[in-house]
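The values are calculated or read from the model by the stated rules, or taken from the named source; none is laboratory data. No experiment lies behind these values; they were computed from the predicted model shown. We place every Cβ from the backbone using ideal geometry, glycine too, and count neighbours over all the protein chains shown.
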Amino acid sequence: MNNNPELIVAIPSYMEADSIAYVVRQVDKGIARYYKNYNSVIVNVDNNSEDNTKAVFLNTGTATEKKYITTPKGVRGKGNNFYNLFKFANKHISTLKAVVVVDADLKSITPEWVVHLADPILKNNYEYAVPRYSRHQFDGTITNHICYPLLYGLLGEDMRQPIGGEFSFSPEFVKYCLKNKWSPTTRQYGIDIFMTFSAIKGKFRICEAGLGAKIHKASAPKLGPMFTQVVTTLFDELLSIKPEWINKPLLRPEPKPLFGLKKFDPPQELKIDIRNLKQQLRDEYLARKKLLKHYLNDYSITLLQKMFDTDYYMMDTLMWTQVLYQLLFVYDKGTGAIRKEIIEALKPLYFTRSVTFDYQSWRYNINYAEEVILEQAKAFASQKPYLIGLYSMDTKKGRFK
């Protein structure tokens, strides 16, 4: 093992035996083509996969050295993989110049992704790079409807893919993240938004890396652990710096400097089962109807009930900004079990907004769909005074008078 790595390219994984070899080969070609003068290592940080991920990774032929690191048996979580990566990187901090991370399920990765991600750190004095992709409007719904607009609206940060999966960062960023507290949700799917907030809080120089179309195991809206872990981490991180944004004047966010590709191929096609989404939506609403009545104002509840009575879902952008801000506010006032309830209450609202957006945008080309997503983010910025106003309202047991 190279004891003096200057460039680390990491591939987090869990049960990716069928896809990781292709990613490894593309990464190796990128290193050989662009960074042959750097001491480099490809690191697979794994969750002790029960398939053949480890063997496939180690047996894939490469010119670059490889290192396999795993969590103990039974320890899962993408964030735990990243924690192992950060500890490994910190051991080599004296020689390290950049870390690049790419997902293990990528089908569209090329050798150029390595240089698009690494060069901003190695040659342009940036410290944290987030990806810029061409993605179908039905892909990345937590990003589109929650993470991106909240960062844009409250912090004035225009980062289109704050939890995209591909990142690069500096040695100083590694040290900073290791000093921060890693919550249970950070050690799971909350890791991506935790890193982006770390870059913001630590005032690191942030840019975007243009990568083109992202083709991977895409998915329509889901309400499994990913939603809970990402949104819990996002809310916690937002509230940890509340003094920095609650009195901050409204600003027009400026796009981050963009390196790499400037023009992207069309995104992968993604079909959704709208009938199934509506059924899940109804199930989630009925299970959490009482919670919503407790945490939302009467006007919002009336509009929601009308949607479910008519089976016609039209949560427009204004309503979405206001109900999300209401739940962020009461989350701030709650603790422990109350906060878990609030995240649960958000789920049917998120589904309703996703279904509404799908109705609206399924005929659009990707460029116009992106304009709609940007307009939604601008709406969050324009409605920021609504959230600030909630803090001046009297509340009783979390419900607005």
(message) Anything in region 330-346 that is surrounded by fewer than 23 Cβ atoms within 10 Å (Cβ to Cβ), part of a helix (DSSP H, G or I) and of a type outside the set (A, V, I, L, M)? List them, or say none.
(response) Asp332, Lys333, Gly336, Arg339, Lys340, Glu341, Glu344
(message) Can you tell me which residue is surrounded by the fewest Cβ atoms within 10 Å (Cβ to Cβ) among those in region 356-373 that are modelled with pLDDT under 90 and of a type in the set (A, V, I, L, M)?
(response) Ile366
(request) Answer with yes or no whether Thr196 is buried (at least 17 other Cβ atoms within 10 Å of the Cβ), in the same structural domain as Thr141 (by TED's automatic domain parsing), outside any helix (DSSP H, G or I) and of a type outside the set (A, V, I, L, M, F, W, C). (result) no
(message) Just to check your reading of the model, which residue among Tyr152, Tyr148, Tyr133 is modelled with pLDDT under 95 and either under 18 Å from Leu258 (Cβ atoms) or assigned to a helix (DSSP H, G or I) (or both)?
(response) Tyr133
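Can you tell me which residues in region 238-291 are among the hydrophobic types (A, V, I, L, M, F, W, C), assigned to a loop (DSSP other than H, G, I, E, B) and in contact with an Asp or Glu (Cβ under 9 Å, 6 or more places away or on another chain)?
Hits for region 238-291 are Leu261, Leu270, Ile272.
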(request) Output the number of residues of region 33-52 satisfying the condition of being touching a residue at least 60 places away in the same chain (Cβ under 8 Å) and farther than 23 Å from Val174 by Cβ. (result) 1
(message) I need the full set of residues from region 359-371 which are in contact (Cβ under 8 Å) with a residue 40 or more places away in the chain, in a helix (DSSP H, G or I) and within 20 Å of Arg160 (Cα to Cα), in order please.
(response) Ser361, Ile366, Ala369, Glu370
(message) Residue under question is Leu281, and the condition is that it be of a type outside the set (Phe, Trp, Tyr), in the same structural domain as Pro385 (by TED's automatic domain parsing) and modelled with pLDDT under 95; does it hold?
(response) yes
(request) Considering (1) in contact (Cβ under 8 Å) with a residue 12 or more places away in the chain; (2) surrounded by fewer than 21 Cβ atoms within 10 Å (Cβ to Cβ), say which one Lys123 fails and leave the rest. (result) (1)
